[in-house]
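The values are calculated or read from the model by the stated rules, or taken from the named source; none is laboratory data. Predicted model, so just to flag it, every value in this text is computed and none were measured. No Cβ is skipped: glycine too gets one built from the backbone with ideal geometry, and neighbour counts run over all protein chains shown. Protein only, heavy atoms only, side chains kept; ligands, DNA and RNA dropped before computing areas. Shrake-Rupley method; radii C 1.70, N 1.55, O 1.52, S 1.80 Å.
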Amino acid sequence: MQKVSIVVPVYNEQDNLHEFYKRITDTMAAEPYDYGLVFIDDGSTDDSALILAELANSDEKVEAYLLSRNYGHQMALTCGLDNADGDVVITMDGDLQHPPEMIPKMLELWADGNEIVQTKRLATEEANVFKRCSSSMYYKIINTMSKVKITPGGSDFRLMDRKAVDAFKRYRERTRFIRGLVNTLGFKVAAIEFVAPPRFAGKSKFSTNKMLHFALDGITAFSNLPLRWAFYIGLICGICSLLILGHVFYVKYVIDDAVPGWATMTASVLFLGGIQLIGIGILGEYIGRIFEEIKHRPLYIISRHIKKQYP
């Protein structure tokens, strides 16, 4: 019998875990597959680890990997994909905004020959107008800048065949934007749409600051266009500076009407200085990522693996 591994990263989700476990087991009970639940606790500070230990010790289909600290959602997903042993792997969040009831449809598409099934979030019931607009704009920007097309509204709720998982495991960079990495794999892809319901309990751990970092990682991981833009802006400013210099020479030596003007000089210096700082900042982002990669530190460290033991 083929096995489905369901990978679930967890960070301070103590109020959601029992309900999530119940809905997953109810959904999978009707499916003609063996299955396993692989929870990754990403350094939770609440009772999530204790609940996961309880579930793992009471159900042989559940196992939990406890990371030594908080490594972030993308690293937790990577840990789960590295350790899942199913013929097909489904990744999803444990806050029930990725509905478990969609799994049968995803498995149907896999059985039809699709090696990756990507879900596309049409909307989130509790998302405000700013978040929806900024998300839409972000996907337009990144798809304009990158050769790898990112599915607008794409989420980390997806199905991957064993071949796709094994291919993904060969990618070991530290700056991880898994939505983009999966799109570089190739394989046959199907997409299904869904409306994300509100969280079952608790608040989102994905703050605005984390969202901005995640967005920047996505852009710098798949495009060097910002570096080219910095070059082009510098080139344009250099040409403008030469034109201004020509005007200065004309005023000084041709019409002899030069008047000291600190305002013009200050504006010019501030403008050019700002452009230079922007270029240096963009360059710094890429150099920082090179610095992280060349250290070759482990992507994550597992402090404990919990699985039901038999005498």
(request) Determine the sum of side-chain charges near Met160: Lys and Arg each +1, Asp and Glu each -1, restricted to other residues whose C-beta is under 14 angstrom from that of Met160. (result) +1
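Can you compute the FRET efficiency between Thr45 and Cys240 using 1/(1 + (r/R0)^6), with r the Cβ-Cβ distance and R0 = 45 Å? Round to the nearest 0.05. Each step should come with its number before you reach the end.
On the way: r = 53 Å, r/R0 = 1.18.
The value I calculate is 0.25.
Classify segment 1-85 as rounded, prolate or oblate, taking a ≥ b ≥ c as the square roots of the eigenvalues of its Cα gyration tensor: rounded when a/c is under 1.5, otherwise prolate if a/b is larger than b/c and oblate if not.
Numbers: a/c = 2.12, a/b = 1.41, b/c = 1.50.
Judged from the Cα gyration tensor, segment 1-85 comes out oblate (a/c at least 1.5, b/c at or above a/b).
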(request) Quick one: which residues, 5 or more positions from Arg158 or on another chain, have an amide H under 5 Å from its amide H? H modelled 1.01 Å from N in the peptide plane, none for Pro or chain starts. (result) Thr91
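Of the listed pairs Lys3/Lys295; Lys120/Lys188; Lys61/Lys295; Lys105/Lys307, which have alpha-carbon separations greater than 25 Å here? Provide the component values of the computation, followed by the final result.
On the way: Lys3/Lys295 37 Å; Lys120/Lys188 16 Å; Lys61/Lys295 37 Å; Lys105/Lys307 29 Å.
Distance filter (> 25 Å) returns Lys3/Lys295; Lys61/Lys295; Lys105/Lys307.
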(message) Can you compute the modelled spin-label distance between Asn70 and Glu31, with each label point 7 Å from Cα toward Cβ, in nm?
(response) 3.0
(request) First measure r as the distance between the Cβ atoms of Asp87 and Leu272, then evaluate 1/(1 + (r/R0)^6) with R0 = 51 Å and state the FRET efficiency to the nearest 0.05. (result) 0.30
(message) Per residue, how much accessible surface does segment 20-110 expose to a 1.4 Å probe? Answer in Å², no decimals.
(response) 33
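Tell me the carbon and sulfur percent of the accessible area for segment 44-84, rounded to whole percent, probe radius 1.4 Å.
Values: 700 of 1500 Å².
Heavy-atom surface of segment 44-84 belonging to carbon and sulfur, 1.4 Å probe: 47 percent.
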(message) Going by average Cβ density within 10 Å per residue, which order do the peptides 156-163, 64-71 take, highest to lowest?
(response) 156-163, 64-71
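Give, as a single signed number, the net charge of other residues whose beta carbon lies under 14 Å from the beta carbon of Asp112, with Lys and Arg counted +1 and Asp and Glu -1.
Around Asp112, the surrounding residues sum to -1.
What does the charge count around Thr25 come to, taking other residues whose C-beta lies under 14 Å from its C-beta (Lys +1, Arg +1, Asp -1, Glu -1)?
Details: positive: Lys22, Arg23, Lys61; negative: Glu19, Asp26, Glu31, Asp34, Asp59, Glu60, Glu101.
Neighbourhood net charge equals -4.
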